[in-house]
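The values are calculated or read from the model by the stated rules, or taken from the named source; none is laboratory data. Only a predicted model underlies this, so the values are computations on that prediction, with no experimental measurement involved. Every residue, glycine among them, receives a Cβ derived from its backbone with ideal geometry; neighbour counts consider all protein chains shown.
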Protein chains: 2
Amino acid sequence: MNPTSALIVIGNEILSGRTQDANIRFLAQRLGELGAPLREVRIIPDIRETIITTVTEMKARFGQVFTTGGIGPTHDDITAACIAEAFGTTLELHQDTAARMEAHYGVDQFSEARHRMAMLPKGATPIINKASVAPGFTIGNVHVMAGVPSIMQSMYEAVEPDLLRGSPITSRTWHTTTLFESMIAAPLEAVQNRFPDLDIGSYPFMRADGRRGVALVAKGANADHVAAASEEIRSLIVTAGGDPIEGESPV
Amino acid sequence: MNPTSALIVIGNEILSGRTQDANIRFLAQRLGELGAPLREVRIIPDIRETIITTVTEMKARFGQVFTTGGIGPTHDDITAACIAEAFGTTLELHQDTAARMEAHYGVDQFSEARHRMAMLPKGATPIINKASVAPGFTIGNVHVMAGVPSIMQSMYEAVEPDLLRGSPITSRTWHTTTLFESMIAAPLEAVQNRFPDLDIGSYPFMRADGRRGVALVAKGANADHVAAASEEIRSLIVTAGGDPIEGESPV
C-alpha cells in the first residue's frame with residue numbers, strides 16, 4: 001500500500017474568494033509522482049481552535065500532512081503556534097534560523113516582527129529553501145510551508161527528499177467529443193470491476209468554446225494494469241460508436 | 001451573526017491534480033456577497049464511507065453545506081446514494097424529474113444510465129437549472145451540485161433564492177510594492193485590535209513578472225467599520241514610508 005498525504009490550506013483569502021488557490025494542484029501532482037497520493041484537502045480559516053483540531057485529526061489519519069499559509073510576520077500568521085500546540089509543545093527561537101536571518105537582514109533590520117518567523121515549535125526542523133530566508137519547518141509527520149506559491153514550491157523541493165514515497169501513480173486518458181457519459185456507463189463500470197486496484201474515472205467537460213465531451217481516465221500504482229485498462233477504454237469508445245482521442249481535451 | 005456555509009468537493013480528479021478546481025472561488029465570492037460566508041472546504045475522494053462521514057459532520061457544524069461532483073450517470077458517481085445514507089434514507093426515482101428527462105431525451109434515449117440521474121434521496125427537492133436536464137438536489141441543509149463548473153454555476157443560480165443569508169461581507173484592499181510585511185506588522189495588529197469584528201489580513205505577493213509587495217485587506221459585515229479600518233491601513237502604509245495603492249495588485 002502506498003503511503004497517504006493530506007493538505008491543510010490555512011487562510012481566509014481562499015475562503016473569501018480573494019485568491020484563487022494555486023497550491024493544491026501542484027502538491028497533488030508532485031505527491032502522485034512520489035507515490036504518496038493526496039487523499040484529502042481541507043481549507044480552513046486562521047482561527048486557533050480550528051487549526052489545532054484539524055492538524056491533530058489529520059496527522060493521526062494520514063501518513064504525512066502538509067500545511068500552507070500563515071507563517072509570515074503579521075498578527076494573522078498563527079500557524080506555527082497552533083502546530084506547536086497540536087504537538088503538545090511551545091515555540092522557541094530557533095538559534096540557527098535566527099543566525100541565518102540576522103546574517104541576511106543585518107542586525108538593524110532583523111526586527112521584532114521578523115524574529116517571529118524564527119520562532120519554531122521545539123523539536124522542529126527548518127525547511128531551508130531558496131525562495132525565502134524565513135524557513136518552513138517539519139515536526140513529526142507535518143510539513144509546514146508558506147502560502148505564496150513560489151515560496152511553497154521552493155519549500156516543497158527542499159523537503160521532498162525526506163518525504164514518504166511509494167509506487168508512483170500513473171494514469172492514461174482517452175477522450176471523445178462524440179459520446180455522452182450515459183452511453184459508456186455500463187462497459188466502463190465493467191472495466192472498473194476487472195481492475196479493482198485502479199481508479200477508473202469518467203469526467204464530462206464543457207469548454208468555453210462550446211466543445212463538449214467526456215474524458216475517461218485509468219489511474220493507479222500498477223502501470224501494467226493502467227496500460228491494459230486504458231486499451232479496454234479505447235476499445236469501448238470505439239464499440240459505442242465514438243472517436244477515441246488519446247489524452248485530455250485541450251482546454 | 002451571519003449564517004455559515006461549507007463546501008465539500010467530491011472528486012478524485014482534484015486530488016490527483018488532473019483538474020484545477022474552478023468552483024471554490026466562485027462559491028466563496030457568491031456566498032460572501034450573500035452574507036453566508038464559506039467557513040471550510042473539504043476535498044475528498046469518491047469513497048463511500050468518506051463521503052458519508054464528511055457530510056454527516058459538516059451538515060451538523062454549518063448552516064448550509066454544498067457539495068460538488070459525483071452526480072453523473074457512471075459507476076464513480078456515488079454522491080446521491082451517500083447523501084441519502086447520511087440522511088438515513090434511500091434513493092427513489094423522482095417522478096417529475098424522470099418525466100422531464102424522458103421528455104428531453106425521448107423514451108428510447110432515456111437509458112438505464114440516465115435513469116440513475118433521476119434517482120434522488122427520498123424527500124429531496126430537485127435543483128432545476130438551465131445547463132442540464134439532470135438536476136442537482138437539496139435535502140435538509142445540503143445542496144448537491146454538479147462538478148462541471150458551468151453546470152455547477154447554473155445550479156447555484158437556481159438554488160440561491162432559497163439560501164441562508166446575512167449581512168453581505170465587504171472588503172477594501174490597499175497594496176504597496178515598497179514595503180515588507182515585517183515593516184507594518186505592529187501597526188496592522190493595532191488596527192485588528194481596534195476592529196475585532198473585522199478580519200484584517202496581510203497577504204504578501206510575488207508576481208510572475210518579479211513584482212512583489214503586500215496586500216492589506218479589511219473585511220467584514222459592517223461596512224462602516226471596513227471603511228474606517230481601510231483608512232487606517234492607508235495611513236499606516238504612508239507612515240511606514242510606503243506608497244499606498246488602492247485595490248489588489250494586478251496579476
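Scanning the stretch A:190-220 for residues that are more than 8 Å from chain B (Cβ to nearest Cβ), modelled with pLDDT under 95 and touching a Lys or Arg at 6+ places or on another chain (Cβ under 7 Å) yields a count of 0. All conditions in (1) more than 13 Å from chain B (Cβ to nearest Cβ); (2) crowded, with 18+ Cβ neighbours inside 10 Å hold for A:ALA99, with the sole exception of (2). Just one residue in the set A:LEU91, A:LEU31 is among the aliphatic types (A, V, I, L, M) and more than 30 Å from B:ASP197 (Cβ to Cβ); that residue is A:LEU31.
Annotation: A:ASP108 fulfils all but one of (1) surrounded by fewer than 17 Cβ atoms within 10 Å (Cβ to Cβ); (2) away from chain B (no Cβ under 14 Å); the unmet one is (2). Among the residues of the stretch B:4-17, not a single one is surrounded by fewer than 20 Cβ atoms within 10 Å (Cβ to Cβ) and in a helix (DSSP H, G or I).
The helices (runs of 4 or more DSSP H) found wholly in the stretch A:18-108 and carrying at least 1 residues that are under 19 Å from B:VAL9 (Cα atoms) occupy A:24-34, A:48-61.
Among the residues of the stretch A:26-45, at least one is more than 17 Å from the chain's Cα centre (by Cα), surrounded by fewer than 22 Cβ atoms within 10 Å (Cβ to Cβ) and within 14 Å of chain B (Cβ to nearest Cβ).
If you go through the stretch A:158-189 and keep only what is touching a helix residue (DSSP H, G or I) at 6+ places or on another chain (Cβ under 8 Å), within 12 Å of another protein chain (Cβ to nearest Cβ) and either in a helix (DSSP H, G or I) or more than 21 Å from A:ALA28 (Cβ to Cβ) (or both), you end up with A:LEU179, A:GLU181, A:SER182, A:MET183, A:ILE184, A:ALA185, A:ALA186, A:PRO187, A:LEU188. Filtered by the rule that a residue be under 24 Å from B:SER182 (Cα atoms), within 14 Å of chain B (Cβ to nearest Cβ) and in contact with a Ser or Thr (Cβ under 8 Å, 6 or more places away or on another chain), the stretch A:49-74 gives A:ILE51, A:GLY69, A:GLY70, A:ILE71, A:GLY72, A:PRO73, A:THR74. Does B:ALA223 satisfy the condition of being more than 9 Å from chain A (Cβ to nearest Cβ), over 21 Å from A:VAL133 (Cα atoms) and within 25 Å of the chain's Cα centre (by Cα)? Yes, satisfied.
For every residue, the table says whether it meets (1) in the same structural domain as B:LEU38 (by TED's automatic domain parsing); (2) surrounded by fewer than 17 Cβ atoms within 10 Å (Cβ to Cβ); (3) in contact (Cβ under 8 Å) with a residue 40 or more places away in the chain.
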site: B:ARG114; (1), (2), (3): yes, no, yes
site: B:ALA118; (1), (2), (3): yes, no, no
site: B:SER132; (1), (2), (3): yes, no, no
site: B:ILE139; (1), (2), (3): yes, no, yes
site: B:HIS143; (1), (2), (3): yes, no, yes
site: B:ALA146; (1), (2), (3): yes, no, yes
site: B:MET152; (1), (2), (3): yes, no, yes
site: B:GLU157; (1), (2), (3): yes, yes, no
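For the condition modelled with pLDDT under 95 and not aliphatic (A, V, I, L, M), A:ASP108 qualifies. Among all residues of the stretch B:7-22, there is none that is at the interface with chain A (Cβ under 10 Å from one of its Cβ atoms), under 22 Å from B:THR138 (Cβ atoms) and of a type in the set (D, E, K, R).
Looking at A:TYR203, is it assigned to a strand (DSSP E or B), buried (at least 22 other Cβ atoms within 10 Å of the Cβ), of a type outside the set (A, V, I, L, M, F, W, C) and touching a residue at least 12 places away in the same chain (Cβ under 8 Å)? Against the criterion (assigned to a strand (DSSP E or B), buried (at least 22 other Cβ atoms within 10 Å of the Cβ), of a type outside the set (A, V, I, L, M, F, W, C) and touching a residue at least 12 places away in the same chain (Cβ under 8 Å)), A:TYR203 qualifies.
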